[in-house]
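Have a look at the structure below before the remarks.
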Amino acid sequence: MKNKKFVGTVMVPAMLHMFVFIVIPIVIGLVISFFNYNPLSSDNKFIGLENFVRLVQDADFRKALLNTLLFVLITVTLNIGIALVVAQMISWFKSNKVRSFFRMVFFLPCIAPMVATSVVFARSIFPTTTGFLNVALNKIGIDSINWLGDPKVVMISLIIYTIWVDVGYNVILFSAGIDGIPSYVYEAADLDGASEWVKFRKITWPLLGRSFQFVIVQTLISHFQMFAQFAVLILKDGPQNSGLVLSRYIYKMAFEYKDMGYASAVSLVLFVIIMTLSLIEQKKSAVDWEY
């Protein structure tokens, strides 16, 4: 009984925080989406489902939705794939100091402010004439690429930056998962003469089930909500709205055009997408095992 009271007491601040900063804003956003709401206007009429009907007819919304889905699909796939390979390679080092050093190297970009690193990439890495990437390409005989001005390349630039800035977090998570696998499992595989590939496919991959599920869900949620690089790295959402995503579109409608009712409707669509994909992934990746 005492333990239950203690747990209940400890949970109260967390539940209160979630209610005030998550549940209430979601409810308010849902309510606002049914109004023609402008914070600078005193005439905010109830318009029912008009904002949602407008979504279907809005070409910019469709462009933002398509860009968001494309961005998330590619970045999440590459992020998880690269992070898993890097974490596996780090685990091959026997020295804890060496493993810690490489984890720190990959994690450093994650703790740098995204606004600051976006500015660095925009001013030093991606410029057409003096950018590091184009200088390197010119050295090997490849023409310069307009990384931030070509509508066909803008999304590639955003993906490159996002992988660089975010992959380290998943490297740490996968490394922790690999370190948590008992060493005797690998020792038994060594006695059987298993190769590194066989050990990864038969031991590491299956036993990383819980870590893998957590990484996928967290990465999906994070990448759907990314904003800084889309606001800082490119100007005016890129040529032909090639860099426009839902998070940026919500900000534009809410704070630039003061159309918060419509922005709330877009936010609700983004919320539903994230929630649906997260639930599907959790159900699909459910694991039931222990070691």
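Around Phe34, with a cut-off of 11 angstrom between Cβ atoms, what is the net charge of the other residues, counting Lys and Arg +1 and Asp and Glu -1? Residues near Phe34 contribute 0 overall.
Compute the normalised compactness of region 11-117: alpha-carbon radius of gyration over 2.2 N^0.38 Å, N being the residue count.
Here the Cα radius of gyration is 1.73 times the empirical estimate.
Relative contact order for region 92-153: what is it in percent, counting Cα pairs under 8 Å that are at least 6 residues apart? The normalised contact order for region 92-153 reaches 18 percent.
Computed over the chain, relative contact order equals 29 percent, with contacts defined as Cα pairs under 8 Å that lie 6+ residues apart.
The radius of gyration of the Cα set in the chain, together with its Dmax, comes out at 23.1, 76 angstrom. Between amide H atoms placed 1.01 Å from N, distances below 5 Å from Phe35 occur with Ile47, all of them 5 or more places distant or on a separate chain.
Over 24 Å between Cα atoms: which of Lys63/Lys252; Lys4/Lys283; Lys202/Lys284; Lys236/Lys258; Lys63/Lys284 fall into that group? As for pairs spanning more than 24 Å Cα to Cα, those are Lys4/Lys283; Lys63/Lys284. Each part gets one Cα centre, and for region 35-93 versus region 152-180 those centres are 18 Å apart. In terms of surrounding Cβ atoms within a 10 Å radius of their Cβ, Lys252, Lys5 rank from fewest to most as Lys5, Lys252.
Calculated mean residue ellipticity at 222 nm for the chain: -21000 deg cm²/dmol, from DSSP H runs with n ≥ 4 weighted as -39500 (n - 2.57), summed, divided by the residue count and rounded to 500.
Put a plus charge on the Cβ of each Lys and Arg, a minus charge on the Cβ of each Asp and Glu, and nothing anywhere else: the dipole of the chain about its Cα centre is then about 420 debye.
Read the figures in this text as sums done on the coordinates, not as results from a lab. Just so we're clear, the structure is a prediction, and the values are computed from it rather than from any experiment. Neighbour counts are summed over all protein chains in view; Cβ atoms, including those assigned to glycine, are modelled from backbone coordinates with ideal geometry.
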